[in-house]
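The values are calculated or read from the model by the stated rules, or taken from the named source; none is laboratory data. Small disclaimer: the values here were computed from a predicted structure and weren't measured. Here the Cβ is made from the backbone with ideal geometry for all residues, glycine too, and neighbour counts use every protein chain on show.
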Amino acid sequence: MTGQKVWSTGAATADFGLLLARTNWDAAKHRGITAFVLPMRQPGVQVRPLRQMNGHSSFNEVFVDAAAVPAGHVIGEPGAGWTVARATLAHERRLASFPPPPATATGLAWQQAIAERTAAAEPHKWYPQRAGRPDLVIPQARSAGRSADPIVRQEIARLIELSWSARWMADRVAAAKAAGQPPGPEGSLGKLASSRIAQQAARVHTLIAGTSAMLTGPGSPLGGIIAEILVSVPGISIAGGTDEIQRTIIAERVLGLPREPDASKDLPFRQVRAG
């Protein structure tokens, strides 16, 4: 296998990766792709962490140069990798956070598992800031003496409205999952809602803190957490499929709007013009 991929979450610590590779250049572009489990710890795989503007390095660029994939590492059927990719993304969009370990989790195996999970999550400790930290809005408004400001109150109310709507959507998704239903377009609705909530939360934090929201270090709002929120929030509109992709899914699968015309849809991939 040879190729390159950017924006690979957790690749620096992963033992295995999910690889989508074109295995048939005479099939149409959404066919002829095969999904593989790629062993990451081999000479043909190079991972370069990407430094983000919030100072963290959760994402990586992966270079694959004549890497080997064992024959038994195919996921699904050869040529059906696009179906695997869509199912994976659908589950990712409705993926809940890890449940807390049970109170009885005191044995050595549990301790090792918790330690491993904590280490793996270390590069992603900024994720709460990516979500906008709506939980900090009201305490910050009170401590800054802005809770009586009518504009701040109006924007906080709008944030609460968005948050409660998203919570009801999450309950609906959880009920569908508990009933054994496959992921549907509601995952895209929830993903798009999370982007709007994060953006609104960042807006409210800025209204409350003013220009001080840009400061980090000693004396900055919440020790720099507000500044980290502002530079982290744009990431949630990209991760797991951009907002534009979610709107396209909602338009086609929820509203029933016609798909965009694609002249290359059924062409052999080798005939599809690049760029």
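Go through the residues of the range 178-191 one by one and say whether even a single one is assigned to a helix (DSSP H, G or I), of a type in the set (K, R), surrounded by 16 or more Cβ atoms within 10 Å (Cβ to Cβ) and in contact (Cβ under 8 Å) with a residue 24 or more places away in the chain. Among the residues of the range 178-191, at least one is assigned to a helix (DSSP H, G or I), of a type in the set (K, R), surrounded by 16 or more Cβ atoms within 10 Å (Cβ to Cβ) and in contact (Cβ under 8 Å) with a residue 24 or more places away in the chain, which makes the answer yes. Restrict the check to the range 166-177 and report whether at least one residue is in contact with a Ser or Thr (Cβ under 7 Å, 6 or more places away or on another chain) and either surrounded by fewer than 20 Cβ atoms within 10 Å (Cβ to Cβ) or in a helix (DSSP H, G or I) (or both). Yes; the residues of the range 166-177 include at least one that is in contact with a Ser or Thr (Cβ under 7 Å, 6 or more places away or on another chain) and either surrounded by fewer than 20 Cβ atoms within 10 Å (Cβ to Cβ) or in a helix (DSSP H, G or I) (or both). Here G240 fulfils each of the conditions (1) surrounded by 18 or more Cβ atoms within 10 Å (Cβ to Cβ); (2) assigned to a helix (DSSP H, G or I); (3) of a type outside the set (D, E, K, R); (4) at pLDDT below 90 apart from (2). In this entry, A35 is excluded by the filter for residues that are among the small types (G, A, S), outside the structural domain of G241 (by TED's automatic domain parsing) and in contact with a Lys or Arg (Cβ under 9 Å, 6 or more places away or on another chain). On the basis of being outside the structural domain of T13 (by TED's automatic domain parsing) and surrounded by 11 or more Cβ atoms within 10 Å (Cβ to Cβ), does A119 make the cut? For A119, the condition - outside the structural domain of T13 (by TED's automatic domain parsing) and surrounded by 11 or more Cβ atoms within 10 Å (Cβ to Cβ) - is not met. Mind checking which residues of the range 15-32 are closer than 11 Å to V45 by Cβ and at pLDDT below 90? Scanning the range 15-32 gives no hits.
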